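Step one of this worksheet: look at the structure below.
Please treat every number below as a calculation from the coordinates, not as lab data. Since the model is a prediction, treat every value here as computed from it, not as a measurement. Positions of Cβ are backbone-derived with ideal geometry, glycine not excepted, and every protein chain shown enters the neighbour counts.
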Amino acid sequence: MISIIILTGTALILSVILVVVNTLINKEDKRVSEIEKMLPGLNCGGCGYGSCKGMACEILKNREAYLNCRPLRGEKKEAFIEFLKTLK
Ligand code: SF4
């Protein structure tokens, strides 16, 4: 009986830890996907980050990384710069 209680308690604690970690990971993923939506979406790799998602991840570390995206220009680039100002 005690072993069932211990196993149940352990499972509950692990479940809570998994939920917390998953929440933290998804928080970052939301920012990456928001940035990615604002990029051209060509996934050409011309920026050196392999894909638009790679660029989005880099922008979280270096806000000026978008300058390496040549297809990002004109109104889309201006919109992206405004978007970056709102990014936390
Ligand atoms: S250069 Fe721009 S369009 Fe090409 S993969 Fe990088 S971010 Fe995407």
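Key figures
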item: Qualifying residue in segment 52-59 (condition: among the charged types (D, E, K, R), closer than 23 Å to Glu82 by Cα and loosely packed, with under 14 Cβ neighbours inside 10 Å); result: no
item: Filtered residues of segment 20-75 (kept if more than 10 Å from the ligand (Cβ to nearest atom) and either on the phi > 0 side of the Ramachandran plot or of a type in the set (Gly, Ala, Ser) (or both)); result: Ser33, Gly74
item: Residue ID - surrounded by the most Cβ atoms within 10 Å (Cβ to Cβ), chosen from residues in segment 60-88 that are in a helix (DSSP H, G or I) and under 13 Å from the mean Cα position of the chain (by Cα); result: Leu60
item: Verdict on Met55 being under 16 Å from the mean Cα position of the chain (by Cα) and in contact (Cβ under 8 Å) with a residue 40 or more places away in the chain; result: no
